[in-house]
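Below you'll find the structure, written out as structure tokens, and then a few comments.
The values are calculated or read from the model by the stated rules, or taken from the named source; none is laboratory data. Here the structure is a predicted model, which means the values were calculated and not measured. Methodologically, a virtual Cβ is constructed for each residue, glycine included, from the backbone with ideal geometry; neighbour enumeration extends over all protein chains shown.
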Amino acid sequence: MEAILSKEVQAGLDAARLSALRKASRLRIEVDGKQHKVLRMWKTGFALEAETAPYLRGLVDLYDGANHLFQCLIVASDEEAGEMHYEFKRATAVADAAALDFERPDNAPVALIE
């Protein structure tokens, strides 16, 4: 059975859902010095609020609070129910150290003492 709601009721429900997502999410993206709140994220992309979301394409940084999580190459895909959806072309996890191109032994010294 499918419930049929008036346009006003559906708009109110959508606004309440977006408000709850805005309050619950700590995720944000940063593009050209501007920050945008991420409403939700899934394995292959994320969603921003459609009213304030620009049509993004290219490299963005994804943060969880102050923690830098990913550097992402994205493309805007579609708009649905007040959300602008973006798909990842690439999402590279940010590491705090450079990648090693050799094997480090377990018993290697931490520093040199002279």
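Structure above, values below:
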quantity	calculated
Residue pairs meeting the criteria (Cβ under 6 Å; at least 6 apart or on separate chains; first surrounded by fewer than 13 Cβ atoms within 10 Å (Cβ to Cβ), in segment 50-65; second not in a strand (DSSP E or B))	Gly65/Arg26
Qualifying strands (runs of 3 or more DSSP E) (wholly inside segment 1-52; at least 2 residues being among the charged types (D, E, K, R), modelled with pLDDT of 70 or more and within 23 Å of Phe70 (Cβ to Cβ))	27-31, 34-42
Complete set of residues in segment 53-99 that are closer than 13 Å to Ile29 by Cα and β-branched (Val, Ile, Thr)	Val60, Ile74
Qualifying strands (runs of 3 or more DSSP E) (wholly inside segment 53-114; at least 3 residues being under 25 Å from Asp14 (Cβ atoms) and of a type in the set (A, V, I, L, M))	67-80
